[in-house]
Amino acid sequence: MSRRLGRNCGETISLASAVPRRDRPRYTLLMQPQRDAINRWSDAAPFWEKHREIIRHMFAPVTNALVEDALIGSGDSVLDIATGPGEPALSIACLVGPEGKVFGIDPVLEMVDAARREGDRLRVRNAQFEVGPADHLPFPADTFDVVVSRFGVMFFASPVDAVREMLRVLKPGGRLALAVWHLAEQNPFFYTLSRVIDRYVNSPPPAPDALDAFRFARPGLLRDVVGEAGTLVPSERMLQFTIEVPVSVEDFWTLRFEMSETLREKASKLSMEQLTEVKRQALEAFREYSRDHGMSFPAEVLIVSGNKSWPA
């Protein structure tokens, strides 16, 4: 059965009473690295909302892979953790239909507000978005058929605790599927610009467990975390796909900077002359990936999946 996602949802059922607001805890006591990460994503949220449709298109193959590995179908209840401005939750809401339901959760209020705005714009009635961290999910046990996270687990303060929470809220036999980036050197979408700017800005490698996009890039690392948390028979596969970005070389420069607080922070350390030279070199490097329809980058992602065990 093909589970590739279209874009038009139509109206479905309301979830207004599914999670009573009085039961939604607030999370204010965050460790500093996590607080710093949330602040960075808060600053990036307006840009992710601005480029929402381009980003959805770029990462649609990853969304499709999560749907396929999690066996998501009509009528399922699905939790999307680190949903950002609402993806893949809104795409999945189309798939599960009026009998299904989707909850998107993210620790960044600005991202959740953006997701709610898009859900309202699309008149999606079977998706709801809430603020909350991955390691303290505001849902009862045995609530969801599926839990997914696309490019979120790398930024969890405690990935093992977060996966244990996923398993807690899954129904017995329920399935989880997580997507993380493979090695940086296999993903020119990232390194084409970062290699240029790092010639001008001292960028020491992140600590092994830093909240970084490539934290789980080494094959087997996230699979082991998922297994340690108690997932039944965790598996891992490599997804090789193409990131299609329907913009010009010049517009891609803007897109990459606006998507990444890290790049903007590095650029702020450059003189105007240096930034001009970085842009010149970056545009030259981007042209290798320019096509008639826009930019096209080979990409590699790891998909880790597994099931919650049945009671003994």
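Derivation of every value follows stated rules applied to the coordinates shown; laboratory data play no part. Keep in mind the model is a prediction, meaning the values are calculated, not measured. No Cβ is skipped: glycine too gets one built from the backbone with ideal geometry, and neighbour counts run over all protein chains shown.
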Check: If you take the residues in region 162-214 that are among the acidic types (Asp, Glu) and within 21 Å of the chain's Cα centre (by Cα), which one is surrounded by the fewest Cβ atoms within 10 Å (Cβ to Cβ)?
Finding: Asp209
Checklist line | Filter result (within 28 Å of Leu211 (Cα to Cα) and hydrophobic (A, V, I, L, M, F, W, C)) within region 253-294 | finding: Trp253, Leu255, Phe257, Met259, Leu263, Ala267, Leu270, Leu275, Val278, Ala282, Ala285, Phe286
Margin query: So in region 81-133, with the set limited to residues that are of a type in the set (Val, Ile, Thr) and assigned to a helix (DSSP H, G or I), which one is farthest from Leu66 (Cα to Cα)?
Written below: Val112
Check: If you scan region 119-152, which residues turn out to be of a type in the set (Asp, Glu) and in contact with a helix residue (DSSP H, G or I) (Cβ under 6 Å, 6 or more places away or on another chain)?
Finding: Asp135
Notebook entry, point to check: Assuming Pro206 fulfils every condition listed in (1) free of Cβ contacts under 8 Å to residues at least 12 places away in the same chain; (2) part of a strand (DSSP E or B) apart from one, which condition is it?
Noted result: (2)
Margin query: Could you check region 228-249 and list, in sequence order, the residues that are over 19 Å from Leu66 (Cβ atoms) and either crowded, with 18+ Cβ neighbours inside 10 Å or touching a Leu at 6+ places or on another chain (Cβ under 7 Å) (or both)?
Written below: Gly230, Val245, Val247, Val249
Notebook entry, point to check: Can you pull out the residues in region 148-205 that are over 30 Å from Leu71 (Cβ atoms) and hydroxyl-bearing (Ser, Thr, Tyr)?
Noted result: Tyr191, Thr192, Ser194, Tyr200, Ser203
